[in-house]
Amino acid sequence: MEETASKTKSYRLYLIIKWFVRLFYRKITVEGTQNLPDEPAVVVGNHTQMNGPIACELYFPGNRYTWCAGQMMHLKEVPAYAYQDFWSHKPKYIRWFFRLLSYLIAPVSVCVFNNARTIPVYRDSRIITTFKKTITRLTEGSHVVIFPEHDVPHNHIINDFQDKFIDIAKLYYKKTGKELLFVPLYIAPHLNKMYLGEAIRFRADAPIEEERKRICDYLMEQISAIAVDLPLHTVVPYRNIPKKYYPKNKH
């Protein structure tokens, strides 16, 4: 009973936090919804720091779950992960503040990420749990949103993708006999929009190494092309760098 009451209290707090975020966060509209297939798919986007997860939680259409860092769901793991991932590139004179902030946000992070429509992502042996939960959500009919950038620049729009998430398609095919679709997503906070591009389908008869490269290259090219074709705007980069260094979508 106590555990149930605690979960109910946590979920109510999450709904309050979500209401406040929606109240103050920009309204994001979705373009290209015709590219979102009726069948389950993996939607792959640019992270745009925290804008990607927030925008998808609030405004992504239909039934979906979003990959999130598993560390943000565990109280003891939040501070180290949050500081390193969000704020380690801040100027030295102010890093003390962000170290403190990483501890202050921990309870809020645990509440939000454990109640939102998320799938925890781990980089250790727990990755098996990540893949199992992802396959479960896909077979239930949900889309799954992933932000696979890491700290290696690709171009002025996005960073390179970590490619092991493509293996979801191999597992999904093994379970269902269906070849999974991957849909590119470009999020442009300064335009108050997110854009869905044309999907690419996994080829089950091709070597997985070949499919990782083929699909990731396609997704990065499409996301970049969508961005460049849009009106001039500021791109929110993967890294939390000073805003004066944010690039434009056109050189």
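The values are calculated or read from the model by the stated rules, or taken from the named source; none is laboratory data. Remember, predicted model here, so these are calculated numbers, not experimental data. Ideal geometry is used to build each Cβ from the backbone, glycine not excepted, and the neighbour counts take in all protein chains shown. Accessible surface is based on the protein model in full, side chains and every heavy atom, while ligands, DNA and RNA are left aside. Shrake-Rupley method; radii C 1.70, N 1.55, O 1.52, S 1.80 Å.
List of remarks:
- Estimated at the nearest 10 Å², the accessible area of Arg64 is 10 Å² with a 1.4 Å probe.
- GNM on the chain, alpha-carbon springs under 10 angstrom: the most fluctuating residue among Ile128, Ile119, Ile28 is Ile128.
- Residues Arg12 and Ile241, FRET efficiency given R0 of 25 Å [Cβ-Cβ distance, rounded to 0.05]: 0.10
- Reachable lysines, given that their alpha-carbon falls under 21 Å from the alpha-carbon of Lys170 and they are not under 8 places away in the same chain: Lys132, Lys133, Lys178, Lys213
- By accessible area, using a 1.4 Å probe on protein heavy atoms only, the stretch 30-109 has 60% of its surface on carbon and sulfur.
- The mean accessible area for residues of the chain, using a 1.4 Å probe and ignoring ligands and nucleic acids, is 54 Å² per residue.
- Contact order normalised by residue count of the stretch 1-157, Cα under 8 Å, 6+ apart, percent: 36 percent
- Surface composition of the stretch 114-187: carbon plus sulfur atoms hold 49% of the accessible area, using a 1.4 angstrom probe and ignoring ligands, DNA and RNA.
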